[in-house]
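Peer 1: Starting off with a structure, shown below.
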Amino acid sequence: MKSHKIYIAGHTGLIGSAILRRFKGEGFANIITRTHKELDLTRQADVEDFFTQERPELTILAAARVGGIHANMSYPAQFLFDNLSIQLNVINSSFRAGVKKLLFLAGACSYPRECPQPIKEEYLLSGALEPTNEAYAVAKIAGIKMCQGYNNQYGTNFICAVLANAYGSGDNFDPLDSHVIPALIKKFHCAKINKQESVSVWGSGNAYREFIYADDAADSCIFLMGHYNNTEIINVGTAKAISIKELALCIKDIIGFKGEIIFDSSNPDGMPYKLLDVNKINNLGWQAKTPLVNGIQQTYRWYLDNIEAILWEK
């Protein structure tokens, strides 16, 4: 696989950048990337022209509009349009260009709100979605079904991985639009520097989430590209969940904030419990390696090394 021409869509994002780092570290030299300014993946003609010119052999579709509960609730139209457009264009153009294998990445919020735990792959579309991330989930489910449809109709090898909540170096640290770990890192750090007495955390703190370090997620992508060829989806996670309350206390301790945590129950929690069943990928021989505390420590170090740029984010 190292000699193949590989296109990583979304290489500047959290997961995409980790995938790029990992591929380069493993000695993959024939990698194609384009920034958003160089190639807008929502523009069909531009994407088709790119695939016609470059003719990648493998595609990893990590490009997406992503965000936490606030972003999902605030921009449902953008989450639907951007993600559906990206998926339609990249998946169809991969097919038309004769791509040998494509990996499509979805998130655990694609599963129903009231799922038995841990969540097995067969629970997809077995119930109603969580309203606070419905737009993103609908788009990702459409991407999964598109890959499966192309496999069934055209015999393609388009595989789909469902990831637990990812975090890590290069994350989005905006307190409103980011996911919970980077948002809390920035909140607690700023509170420590400004000597605040308290930090407000969105929701009751009682929801449970599973988190995977971005570099572990990237490692799973390389593994799946080499070892998985089934049209059915496959979960990627750590098999461990933590409450948002416990997570906030953990991040507070890592950063050294001495004040109080106030949980704002007027804001929604999202899904009450979200833990993936990862037996399928574990049985193939892959497991996540980075403990949550270690991953948060590494993410905070990255934040400190890049804080000047991050503090200027919106």
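Peer 1: Students often get this wrong: which residues of region 273-312 have the backbone nitrogen under 17 Å from the point 7 angstrom along Cα-to-C-beta of THR33?
Peer 2: Within reach of a label on THR33, which here means backbone N under 17 Å from a point 7 Å along Cα→Cβ, region 273-312 contributes nothing.
Peer 1: Can you give me the distance in nm between label points at GLN287 and ASP46, each placed 7 Å from the Cα along the Cα-to-Cβ direction?
Peer 2: For GLN287 paired with ASP46, the spin-label model returns 4.4 nm.
Peer 1: How big is the C-alpha Rg of region 148-270 next to the rule-of-thumb value 2.2 N^0.38 Å, as a ratio?
Peer 2: Normalised by 2.2 N^0.38 Å, the Cα Rg of region 148-270 equals 1.34.
Peer 1: Using per-residue counts of other Cβ atoms within 10 Å, averaged over each peptide, order 26-39, 202-215 from highest down.
Peer 2: Highest-to-lowest ranking by the protection proxy: 202-215, 26-39.
Peer 1: Please report the carbon-and-sulfur percent of the accessible area for region 161-314; probe 1.4 Å, protein heavy atoms only, DNA, RNA and ligands left out.
Peer 2: 50
Peer 1: Return the sequence-ordered ³J(HN,Hα) values of region 139-145 in whole Hz as given by the Karplus equation 6.51 cos²θ - 1.76 cosθ + 1.60 applied to θ = phi - 60°, using x for Gly and Pro.
Peer 2: Listing the rounded values in order: 4, 5, 4, 4, x, 4, 5 Hz.
Peer 1: Under a no-solvent Debye model with one identical scatterer per Cα of region 88-158, what's log10 I(q)/I(0) at q = 0.16, 0.17 Å⁻¹?
Peer 2: -0.60, -0.66
Peer 1: So, one more: Give the residue from ALA218, HIS36, ALA239 lying farthest towards the positive end of the charge dipole for the chain; charges sit on Cβ (+1 for Lys and Arg, -1 for Asp and Glu) and the dipole is referred to the Cα centre.
Peer 2: The residue sitting farthest along the positive end of the dipole is ALA218.
Peer 1: Students often get this wrong: which residues of region 248-275 have the backbone nitrogen under 15 Å from the point 7 angstrom along Cα-to-C-beta of SER198?
Peer 2: 258-267
Peer 1: Lysine pairs in region 1-154 8 or more apart or on different chains: how many have alpha carbons under 20 angstrom apart?
Peer 2: Within region 1-154, the lysine pair count is 12.
Peer 1: Give the separation of the Cα centroids, region 146-164 to region 1-56, in Å.
Peer 2: 19
Peer 1: For region 1-145, what % of the accessible area comes from carbon and sulfur atoms, probe 1.4 Å?
Peer 2: The computed percentage sits at 51.
Peer 1: Using θ = phi - 60° and the Karplus form 6.51 cos²θ - 1.76 cosθ + 1.60, what ³J(HN,Hα) does each residue of region 224-235 get, whole Hz, x for Gly and Pro?
Peer 2: Couplings: 5, 4, x, 10, 10, 9, 9, 6, 6, 5, 9, 7 Hz.
Peer 1: Straight-line reach from LYS240: which aspartates and glutamates fall under 15 Å, measuring Cα to Cα and dropping same-chain residues less than 8 apart?
Peer 2: Those aspartates and glutamates meeting the cut-off are GLU210, ASP216, ASP277.
Peer 1: Residue-wise, which Karplus ³J(HN,Hα) couplings in Hz belong to region 254-271, taking 6.51 cos²θ - 1.76 cosθ + 1.60, θ = phi - 60°, and x for glycine or proline?
Peer 2: 4, 7, x, 7, 9, x, 9, 9, 10, 8, 8, 6, 6, 9, x, 8, x, 4
Peer 1: Right, something else. With every protein chain left in place, what is the accessible area per residue of the chain in square angstrom, probe 1.4 Å?
Peer 2: The answer is 44 Å² per residue.
Peer 1: So in the chain, what percent of DSSP beta bridges are antiparallel if you round to the nearest 5?
Peer 2: 5
Peer 1: Run the dipole for the chain about the Cα centre, Lys and Arg Cβ at +1, Asp and Glu Cβ at -1, nothing else charged, and hand back the magnitude in debye, nearest 20.
Peer 2: The calculated dipole for the chain is roughly 500 debye.
Peer 1: Averaged across orientations, what area in nm² does the convex hull of the alpha carbons in region 205-275 project?
Peer 2: Its average projected convex-hull area is 6.4 nm².
Peer 1: List the lysines whose Cα lies under 17 Å from the Cα of LYS195, skipping any in the same chain that are fewer than 8 positions away.
Peer 2: LYS186, LYS187, LYS252, LYS258
The values are calculated or read from the model by the stated rules, or taken from the named source; none is laboratory data. This one's a predicted model, so the numbers in the text were calculated from it and none came from an experiment. Every residue, glycine among them, receives a Cβ derived from its backbone with ideal geometry; neighbour counts consider all protein chains shown. These area figures cover heavy atoms from the full protein model, side chains too; ligands, DNA and RNA do not enter into them. Shrake-Rupley method; radii C 1.70, N 1.55, O 1.52, S 1.80 Å.
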